[in-house]
Amino acid sequence: MLKKVAVIGGGVAGLEAARQLAALGYQTTVYEKNDHAGGHTSEWDRLFPNRRPAVEVVDTLKSQLNGNPAIVLSTPITELLPNGDKFTLKTSNKSFEADAVLIATGFELFQAERKEEYGYGIYDNVITSAELEKMFTEHGTPLMRNGEKPKRVAFVHCVGSRDEKVNHLYCSKVCCVTAVKQAIEAKEAIPEAEIFCLYMDLRMFGPGYEELYKEAQQKGINFIRGRLSEASELDGGRLLIKTEDTLASRPLKMSVDMLVLMVGMTPAEGTSKLIYNLGLKPNADGFIGVSDYHLKPSETGIRGVYTAGACSGPNNITDSINSARSAVVEIHRYLSVKEP
Amino acid sequence: MIDFGYAPLKINIHDLDKADLSLMDWITARDESFRLCIACGSCTATCTAGNFTNFSFRELCHSIRRGEVEKAVRESEKCMLCGKCTLVCPRNVNTRNIIKLVRKANQNFRV
Amino acid sequence: MKEHPFVIPFTIGLTFVILYTVVMWTIWVVRLTRREKKIIWKRLLTVKTLRGIWETIREGLFHRNIFKKNVILGFMHMSLAFGWFMLIVLGNLEARLYPHGLINPPYYPIFFEFFRHDLSPLREYEEIFTFLMDFFLLLVISGIGIAFFKRYKSKVMGMHRTTKHILIDRIALTSLWLIFPFRILAESVTAGLYNTGHFFTNFLGQQVIYGLPLDQLYYPSWWAYSIALGSFFVALPFSRYMHIPTEILLIFLRKYGVREKDSHSSYTNVELNACSRCGICIDSCHLSTDLGISDTQPTYFIRDLRYSKPSERLRETCMLCMRCLKACPVGIEITQIRKNERSEHQLFSPTSYSYLNGYAYPKAKVAFFAGCMGHLTPNIIKSTLLLLDAAGIDYTFIDRNGSICCGRPLQLNGEVDAAKQLIDKNNRLIYETGANCLVTTCPICASEFKKNYHMSIPIYHHSQYLWELTNQGRLVFNQSNLNVAYHDPCELSRGLGVVDEPRKLLKSAVVLTENSNQTKQNSLCCGGSLAITNTSAFQKSTIAASTVLQLANNTTDLIATACPLCKKTLAAAQNDVPVQDISEIMVKALMDSRKASLSEAKVKMASPKLEVVEEYK
Ligand SMILES: Cc1cc2nc3c(=O)[nH]c(=O)nc-3n(C[C@H](O)[C@H](O)[C@H](O)COP(=O)(O)OP(=O)(O)OC[C@H]3O[C@@H](n4cnc5c(N)ncnc54)[C@H](O)[C@@H]3O)c2cc1C
Ligand code: SF4
Ligand code: SF4
Ligand code: SF4
Ligand code: SF4
Ligand code: SF4
């Protein structure tokens, strides 16, 4: 009989792992809480570093879903329990069985309302990076609430990341390069607009990232080294923002039409509860802790349960895909060799 | 000393070999959070005093780290202890305590 | 009557303590300010004196305040104080009733049974006196028993932490504890020999210790009793027991209207000496209960200030949240004393803020002031302004372009001279707006305005103002069944006594539940206080988390508060239960009642123009 593998989460990590597992001959099912596969990547317009359409990546991964691997949509897994040498996955009204489990529940976006001083949900034209992606998909350009194109846009880095005021000390890794990408896109969409990036450090760690940064400079994006302290609304709806121009050691005020908050990644809701029944605790940042960051990056500490993608910490797509493959090797070893 | 025939210009270089870092050590020993600043500038941007005058808490801390003690002490007096900076600091630097420590150093230290 | 040298220790001690008390009372009273002395003179022959007497009896003998806090503790104090007092009164009566006994040396009534073995001259009173003396002796010894027990098992008595005492207190305490066992011994021995007692001492003397060589124990036991008394009296003025005579003076001075001022005074000395080091303040303090910092509470601070000078750490490690102030059974103005002590170590110079010259607030009718913290909680500002709009108030957001700090943070840190500069400046600017009333969302500002600005216009915290408008029918809310727990901000509840308005306001829109008995004047503290600078962010969050835990339970949908700083501090501690300002809850209810969308709502916000300095260009 075919061994069964359950993949929790149908984001890029989950889909890639499922494809590889099925190819290795396991009966693989992806359980996805949303009504569509692809996870967050399906919400992005174009991807860094090369700005290819995200839909290409998602569609390629989805096209592999053909019965094995299978996907069960609109099925949020709320409980994961050991069951002899198998595992039981439960939703509020159903339960499934599997010989091995891959947790690929990804991340959630930081709730920008929690940084009240940035004015999200209070002022009209304060939006998140995720909302801007949607605007790009739908309109190809940033648009203000009133339908007009903004003349001045500021991107605020590190919203909900590197901020102990919201208990997130960690860096979300992808938002710097996303800001730079979006800044370029905004400039291309509205060439006369002035675009600013308010950053603390620019973390351009991946291939092609620094190039993107240089491109942004060439296209006239302004970089201000300072973290936003607060925003307020001017009469007429423009926004007044305050930061320090730390390179000049002077406070800086300016008015903008639109403020884009580069929201960070937070652990997906429910993931810590999922692993709790297995006796696992999240790591200090709240993500799933892996057994060994260098040597066992896919293992959770429980044999038969593995992890991939952004649920063990902020990741870009490449790293999520790689971690999925790495997890597949571990699962294969576990199911076919049954030895540590 | 060899006479080169000209005097080297006293240019504005931080000479960390000669810098007086005793105030930095004194403060750090009393508040470890002094070390944690990542120079983001939020404190300066939000500062109530900084809204009216040239004053930067971030810079003040930095001058202590570079041994510019007098400047730090002079500047510290502009603060109103209002606490806005404490509320925005992403690294939980205990800003008001550091201001108070600088003021105390003014009294206890020979600056 | 045969004299005996064993009375000497007692007589010396008593004389000493009386002289000492008289001298100290005199010094303290003489050193009061002239104004204070004048009001005392004026009020000496008024009902205030009677009230003072009543309070002395109520607190000095019966310790009603302690009873209210903790019944066993109250009983302990009452049995000791009242029991002993009755023993002295009865002893004196007894000695006076005895033929030819009207004028006696002081030791005579105290050691009455030593001097008079034949009590029959008391005639019909003999029975009642001996009974009462035995009864009160039993009462006192039960108090001592509890005290002894409390020393070692304070938790059982509902006290988690008690004061750690210094040597002189231990000496005094030991003497005090020994007085009554020795007295019982002496009286029992005497009763055993001469049948001078009643149910208690007679029983002890004749049934329990009758086998002992009573006649040999007779003198030593009276000696021991007298020595214990004497050494207690000699130690008293230097120990915490100085609170006994001092508290009486304190009660009267307070009744006459004497209070702590902006700096230490003679009255402070009275207060310092009136602290019994009972340690009740320790358990009331979040620093102790949540952070385990249990050595900086008033009991220690006041002790050190009484003997010399408290350390910097003692002076500074306090949030001035005033919880202990409400808990202290003696009613010492602890927080003011600590603030005044801080002001003796000012760090800022009184000329630091000259850079404020040239700034002005715009003209206003109703002036809305957000304050420093308010600018970091724009949703509180927006919500409040929407509510003011809805009620048709013609307000002006006077510090829209930036506030001058109200001065409270400096004030709380003892920087009164620097604070005065800000106060003077701000006060003039607010005056120049021409406003006829001032509304602020910040209890810290409100507190400073009310206490130190001496403004002629009314000052409202927004919870008060909005309630007023609601009460007048100018604001109507949709009633929902949202389950809300309200956190009283320290500065608002204990500081300004505003506890009802926010509750009434909330009840007009949501279901308000009190999950903790620590509310209103006894409310918990969020930990974010600006009066302390030496707690870390982690420590603040620890306090906030414990407060949230006590405030909310699993049916709580929302925690409401009425202070930007409380909101930020509580929200930073956790994110299970959302924390909102009262204005945010009310504006939602207002929009619901109008079936309008909150996200579409726009504040009118006419003046002033928010200025943009285009520095970048
Ligand atoms: C604004 C933004 C832009 C980005 N742009 C890029 C880019 O251009 N290029 C790039 O390389 N990376 C980009 N990233 C990073 C990229 O989105 C992530 O690396 C990627 O989404 C991680 O994939 P994942 O499958 O691990 O997680 P996710 O995409 O989060 O997918 C997890 C899936 O699991 C599901 N799930 C969660 N819990 C359960 C449960 N209990 N039961 C069932 N299903 C569950 C979720 O619904 C979701 O579908 C960006 C990130 C952000 C925030
Ligand atoms: S990647 Fe950049 S924007 Fe994102 S958290 Fe890290 S430093 Fe901040
Ligand atoms: S406490 Fe001092 S440094 Fe901090 S914001 Fe207020 S005035 Fe500025
Ligand atoms: S806000 Fe904190 S981390 Fe940022 S510059 Fe100021 S002290 Fe440093
Ligand atoms: S300050 Fe009050 S509560 Fe504290 S020890 Fe003294 S008398 Fe007791
Ligand atoms: S004022 Fe508050 S913090 Fe200070 S000692 Fe009293 S209870 Fe503790």
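The values are calculated or read from the model by the stated rules, or taken from the named source; none is laboratory data. In this text the structure is predicted, and so the values were computed from the model without any measurement. So basically every Cβ, Gly included, is an ideal-geometry build from the backbone, and we count neighbours across all protein chains shown. Protein only, heavy atoms only, side chains kept; ligands, DNA and RNA dropped before computing areas. Shrake-Rupley method; radii C 1.70, N 1.55, O 1.52, S 1.80 Å.
Within straight cross-link reach of A:Lys33, meaning Cα distance under 19 Å, which aspartates and glutamates are found once same-chain residues fewer than 8 apart are removed?
Qualifying aspartates and glutamates at Cα under 19 Å: A:Glu16, A:Glu43, A:Asp59, A:Glu79, A:Glu97, A:Glu108, A:Glu269.
Whole number in Å², please: accessible area per residue of the protein assembly as shown, 1.4 Å probe, ligands, DNA and RNA not counted.
42 Å²
Which order do you get for C:Thr513, C:Thr561 if you rank them by accessible area with a 1.4 Å probe, largest at the top?
My answer, sorted largest first, is C:Thr513, C:Thr561.
How do A:Tyr306, C:Tyr194 rank by accessible surface area computed with a 1.4 Å probe, from largest to smallest?
Of A:Tyr306, C:Tyr194, the descending order of accessible area is C:Tyr194, A:Tyr306.
How much accessible area does C:Ser523 have with a 1.4 Å probe, in Å² rounded to the nearest 10?
About 0 Å², ignoring ligands and nucleic acids.
Percent of alpha carbon pairs in segment C:501-590 separated by more than 19 Å?
38 percent
Hey, got the average number of other protein chain Cβ atoms within 10 angstrom for residues in C:594-603?
Working: counts 0, 0, 0, 0, 1, 4, 2, 0, 3, 2.
Mean inter-chain Cβ contacts per residue within 10 Å come to 1.
Under a Cβ-Cβ cut-off of 14 Å, what is the net charge of the residues other than A:Leu89 that fall near it, where Lys and Arg count +1 and Asp and Glu count -1?
+2
Any residues in segment C:523-540 that have 40 Å² or more less accessible area with all protein chains than in their chain alone, probe 1.4 Å, and which are they?
C:Thr533, C:Ala537
Could you state how much accessible area is buried at the B-C interface, both sides summed, with a 1.4 Å probe, in Å² to the nearest 100?
On the way: alone 7710 and 27780 Å², together 32920 Å².
Between B and C, the summed buried area is about 2600 Å².
Distance check, please: which entries in A:Lys151/C:Lys604; B:Lys104/C:Lys309; A:Lys149/A:Lys219; C:Lys520/C:Lys567; C:Lys425/C:Lys567 exceed 22 angstrom between their Cα atoms?
A:Lys151/C:Lys604; C:Lys425/C:Lys567
With every protein chain in place, what's the accessible area of C:Arg400 (1.4 Å probe, Å², nearest 10)?
The accessible area of C:Arg400 comes to roughly 20 Å².
What residue among A:Gly38, A:Gly140, A:Gly309 has the largest mean-square fluctuation in a Gaussian network model of chain A, using Cα springs under 10 Å?
Evaluated over chain A, the most mobile residue of the options is A:Gly140.
Which residue, chosen from A:Ile321, B:Leu36, B:Val69, occupies the Cα position most advanced towards the positive end of the dipole of the protein assembly as shown, where the dipole is computed from +1 (Lys, Arg) and -1 (Asp, Glu) charges on Cβ about the Cα centre?
B:Val69
Hey, what does the equivalent ellipsoid look like for chain A, semi-axes from the Cα gyration tensor as sqrt of 5 times each eigenvalue, largest first, whole Å? If you can, show how the numbers build up before the last one.
Values: eigenvalues 316, 77, 63 Å².
Output for chain A: semi-axes of 40, 20, 18 Å.
Of all the C-alpha pairs in segment C:45-88, what % are more than 12 Å from each other?
So the pairs more than 12 Å apart make up 59 percent of the total in segment C:45-88.
As a test question: what accessible area, to the nearest 10 Å², does B:Phe55 have when a 1.4 Å probe is rolled over all protein chains in place?
Roll a 1.4 Å probe over it and B:Phe55 shows about 10 Å².
Computed on protein heavy atoms with a 1.4 Å probe, what is the summed buried accessible area for the chain pair A and B, in Å² to the nearest 100?
Accessible area lost upon association: around 1700 Å².
Ratio of segment C:265-343's C-alpha Rg to 2.2 N^0.38 Å, to two decimals?
0.97
Given a Förster distance of 45 Å, report the FRET efficiency between C:Phe238 and C:Ser456 from their Cβ-Cβ distance, rounded to the nearest 0.05.
Calculated transfer efficiency: 0.35.
Could you tell me what percent of the accessible area of segment C:478-594 is made up of carbon and sulfur, with a 1.4 Å probe and every protein chain present? Working shown, then result.
Working: 1960 of 3980 Å².
Taking all protein chains in place, segment C:478-594 shows 49 percent carbon and sulfur surface.
Counting Lys and Arg as +1 and Asp and Glu as -1, each charge on the Cβ, what is the dipole of chain C about the Cα centre in debye, to the nearest 20? Intermediate values should be presented prior to the final figure.
Numbers: 67 positive and 50 negative charges, 242 e Å.
Here chain C has a charge dipole of around 1160 debye.
Is it possible to state the helix-based mean residue ellipticity at 222 nm for chain C, with each DSSP H run of 4+ residues giving -39500 (n - 2.57), the sum divided by total residues, to the nearest 500 deg cm²/dmol? What is it?
Counting only the DSSP helices, I get -16500 deg cm²/dmol.
Specify the inter-centroid distance of segment C:24-47 and segment C:214-253, based on alpha-carbon positions, in whole Å.
Segment C:24-47 and segment C:214-253 have Cα centres spaced 29 Å from each other.
Specify the inter-centroid distance of segment A:280-302 and segment C:497-569, based on alpha-carbon positions, in whole Å.
Segment A:280-302 and segment C:497-569 have Cα centres separated by 36 Å.
Which angle between 0 and 90 degrees, to the nearest 10, do you get for helix C:125-152 versus the longest principal axis of chain C when only C-alpha atoms count?
Tilt relative to chain C: about 50 degrees.
Which is farthest toward the positive dipole end of segment C:141-264 among C:Gln206, C:His160, C:Ala186, measuring Cα position about the Cα centre, with Cβ charges +1 (Lys, Arg) and -1 (Asp, Glu)?
Projecting each Cα onto the dipole axis, the largest value belongs to C:His160.
Taking K and R as +1 and D and E as -1, what net charge do the other residues with C-beta under 14 Å from the C-beta of C:Pro458 add up to?
0
With the full set of protein chains in place, find how many percent of the accessible area of segment A:239-324 is carbon and sulfur; take the probe as 1.4 Å.
Working: 1720 of 3310 Å².
Carbon and sulfur atoms account for 52 percent of the accessible area of segment A:239-324.
With only alpha-carbon atoms in the gyration tensor, what are the semi-axes of the equivalent ellipsoid for segment C:19-174, in Å, largest first?
31, 27, 16
Return the ratio Rg/(2.2 N^0.38 Å) for segment C:360-419, where Rg is computed over Cα atoms only.
With N residues counted in segment C:360-419, Rg over 2.2 N^0.38 Å equals 1.30.
Please report, in whole Å, how far the alpha carbons of segment A:112-264 spread along each principal axis, starting with the longest.
That gives 38, 33, 30 Å along the principal axes, largest extent first.
Gap in Å between the Cα centre of segment A:180-231 and the Cα centre of segment A:4-48?
Segment A:4-48 and segment A:180-231 have Cα centres separated by 31 Å.
Count charges around C:Asp134 for me, please; just the other residues with Cβ under 14 Å from its Cβ, Lys/Arg as +1, Asp/Glu as -1.
Net local charge, C:Asp134 excluded: -4.
So how strong a dipole does the protein assembly as shown carry about its Cα centre when Lys and Arg Cβ are +1 and Asp and Glu Cβ are -1, to the nearest 20 debye?
2080 debye
In Å, the Kirkwood hydrodynamic radius of segment B:36-111 over pairs of distinct alpha carbons?
After inverting the pairwise mean of 1/r, the radius is 12.3 Å.
In a GNM of chain A with a 10 Å cut-off on Cα contacts, which of A:Ala268, A:Ala324, A:Ala18 has the highest mean-square fluctuation?
Highest fluctuation of the listed residues: A:Ala268.
Whenever you get a sec, compute what percent of the accessible area on segment C:366-469 sits on carbon and sulfur atoms (1.4 Å probe).
After summing per-atom areas, the C and S share lands at 48 percent.
Apply 1/(1 + (r/R0)^6) to the Cβ-Cβ distance of C:Ser154 and A:Leu24, taking R0 = 60 Å, and write down the FRET efficiency to the nearest 0.05.
Efficiency, rounded to the nearest 0.05: 0.35.
Obtain the radius of gyration and the Kirkwood radius of segment C:366-469 from its C-alpha atoms and give Rg over Rh.
0.95
Can you compute the equivalent ellipsoid semi-axes for segment C:211-319, i.e. the square root of 5 times each eigenvalue of the Cα gyration tensor, sorted largest first and rounded to whole Å?
That gives 37, 20, 12 Å for the three semi-axes.
Put C:Trp25, C:Trp467, C:Trp41 in order of accessible area, largest first, 1.4 Å probe: what do you get?
Solvent-accessible surface, decreasing: C:Trp41, C:Trp25, C:Trp467.
Tell me the angle of helix A:129-139 to the major Cα principal axis of chain A, expressed in degrees between 0 and 90 and rounded to the nearest ten.
For helix A:129-139, the angle is close to 80 degrees.
Out of every Cα pair in the protein assembly as shown, what percent are spaced more than 61 Å from each other?
That fraction is 26 percent.
Convex hull over the alpha-carbon atoms of chain C: what's its volume per residue in Å³?
195 Å³
Full extension from C:Leu97 to C:Glu432: what is 0.36 nm times the residue separation minus their Cα-Cα distance, to one decimal in nm? Before the final figure, lay out each step's value.
Working: separation 335, 0.36 × 335 = 120.60 nm, distance 7.55 nm.
Between C:Leu97 and C:Glu432, full extension yields an extra 113.1 nm.
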